[in-house]
Amino acid sequence: MNLQEYIRVYYDSASEWFVDEVEKYNHRKRIDNIFNIKAYLNGKHAIKSRPDETYNGRTFKTRKIVLQYVKPILSFETSFLLNRPVTLTATDKDTLKTFKDMYSKSKYNDLDFKILDKLVKYGQVFEYIYLDDNKQIRSKLINVEDSYPVFSDSGDYIAFIEHYTIATSGISYYKVFTPNMVATYDNYGGDGLRKTGEYINLSGLPIMYKTDNEEDSTQGRSDIEDYIDILDNMEDLISKYMDSFYKFLNPIPTVTGTKLNIGKNGEGAVNPATVGHVLQLDDGSSFDLVTNKMDYQSLKELYGMLKQSLLDVSMTPAVSLNNTDISNLSEVSIKLLFSLAQIKGSINSKYMKEGFNNRWEKMKRLMQLKGVTVSGNIDCNFEMNVPQNEKEIIENLKELREMNAISLDSLLSQTPYIYDVEGEKERIQGEQKAV
């Protein structure tokens, strides 16, 4: 089913079909979920709605402690894979040089970081490639809450709608992407929709980066949804414990036995000139201040269990959140601590590469329109930010090189200080020629 058939079947060939499309239940549900995630990242947690309590006849303002653990977890996940720029590779030098120049001019390394950041937060993100006024290839990230991909019944990606409404003016804007055209609309003036432009679409539909979703293969799923329940319980536990601590801080006076009797002439009374308070008790009597005992060990155990579960589910090394002592650990042991993080990084690199392959094809198409032809295949490598003993690696590479057991290409690719192997080779060759 192509786009024309889709519009004919579901919208009776209406010219403003996209207005009804963005209101479909599956779109509204996805967009509402994105706004919920944004609110959560902004600090709107379930603990904030916890009601106040009445204690000793007075309203007691309950603690509502917010734990923003999800932010450092997501930051670690993004930086672990893209702390170092993506290294481009190609089957021929001309193709590699062309793509590297384009990446540098359009700052694609920064864009890649933003893409992964949005991907781990919301489960999907869309990139549109275009030629700017200077005929340079650029990319624009479309806000995920404004993105409405259109799929046929067979799951084919056939169109894309960018839609948003300005709150202050109430004006709605639509940008409809088809494989060949881009049309823009708005309702300025309040007299219905008006078409404000139509342009040739040189790069096709926006590129979709998405994570896996077991329920719907056409959209991604945010990892945050796996963390929220655990974090809600951590916040609830620590907030209630703090309330208990402050509520039971004032002890209850308790007297056991009888008080001393005072005679009619004041026998046994305390001298009124005495400073402070004196309690007089008969022999064998006692006075105590009774308080509830707080079981802090149970809190520590429960809270620690929940935090460890959060780290396990997010595949975050405990050391990255200062949750373990790493003194006197070997490099092998440290790598084992990061094994789950490497698995998570490999999964994210797969999502990124699926989008990159689409990006590179579109870039080649735009290059041909500019008269630039590249014939080689392009690929990339990710270098995960795993702690390592760089001195030991360099010494091992040096020994292998002296034994003629490793090529220059392999040596440069394994060196922790070099990310651009081809560029470094060119600089080395240039220095040798100069000598």
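The values are calculated or read from the model by the stated rules, or taken from the named source; none is laboratory data. Everything numeric here is computed off the predicted structure, so don't read it as measured data. Cβ: placed from backbone, ideal geometry, glycine included. Neighbour counts: every protein chain shown.
Key figures for this structure:
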item: Condition broken by Q297, with the remaining ones in (1) more than 30 Å from K240 (Cβ to Cβ); (2) at pLDDT 75 or above; (3) loosely packed, with under 11 Cβ neighbours inside 10 Å satisfied; result: (1)
item: In segment 280-289, the residues that are under 11 Å from T256 (Cβ atoms) and modelled with pLDDT of 70 or more; result: G284, S285, S286, F287, D288
item: Output for segment 131-157, where each listed residue is among the hydroxyl-bearing types (S, T, Y) and either over 30 Å from G371 (Cα atoms) or surrounded by fewer than 17 Cβ atoms within 10 Å (Cβ to Cβ) (or both); result: S147, Y148, S152, S154, Y157
item: T62 being in contact (Cβ under 8 Å) with a residue 24 or more places away in the chain, out of contact with any Leu (no Cβ under 9 Å at 6 or more places or on another chain) and surrounded by 13 or more Cβ atoms within 10 Å (Cβ to Cβ); result: yes
item: Matching residues, segment 367-415, being closer than 30 Å to N134 by Cα and in a loop (DSSP other than H, G, I, E, B); result: K370, G371, V372, T373, V374, S375, G376, N377
item: Wholly within segment 1-109, helices (runs of 4 or more DSSP H) carrying at least 1 residues that are more than 25 Å from G123 (Cα to Cα); result: 3-11, 17-21, 93-105
item: Condition check for V22: surrounded by fewer than 13 Cβ atoms within 10 Å (Cβ to Cβ), in the same structural domain as E162 (by TED's automatic domain parsing) and more than 30 Å from E426 (Cα to Cα); result: no
item: Residues of segment 390-428 that turn out to be among the aliphatic types (A, V, I, L, M) and in contact (Cβ under 8 Å) with a residue 60 or more places away in the chain, as a count; result: 1
item: Sole residue being under 30 Å from R359 (Cβ atoms) and at pLDDT 90 or above, chosen from L41, L88; result: L41
item: Evaluation of G43 against (1) on the phi > 0 side of the Ramachandran plot; (2) touching a strand residue (DSSP E or B) at 6+ places or on another chain (Cβ under 8 Å) (one fails), failing number; result: (2)
item: Residue in segment 350-373 that is modelled with pLDDT of 85 or more, over 22 Å from F126 (Cα atoms) and hydrophobic (A, V, I, L, M, F, W, C) present; result: yes
item: Conditions (1) under 30 Å from the mean Cα position of the chain (by Cα); (2) farther than 30 Å from D133 by Cα: number failed by R58; result: (1)
item: E77 vs. criteria of a type in the set (D, E) and closer than 30 Å to E422 by Cβ; result: yes
item: Among (1) assigned to a strand (DSSP E or B); (2) more than 22 Å from V125 (Cα to Cα), the one test that Y148 misses; result: (2)
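Conditions (1) in contact with a Gly (Cβ under 9 Å, 6 or more places away or on another chain); (2) more than 30 Å from D212 (Cα to Cα); (3) modelled with pLDDT of 85 or more; (4) surrounded by 11 or more Cβ atoms within 10 Å (Cβ to Cβ), marked per residue:
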| site | (1), (2), (3), (4) |
| --- | --- |
| D379 | no, no, yes, yes |
| E392 | no, yes, no, no |
| S410 | no, yes, no, yes |
| P416 | no, yes, no, yes |
| D420 | no, yes, no, yes |
| K433 | no, yes, no, no |
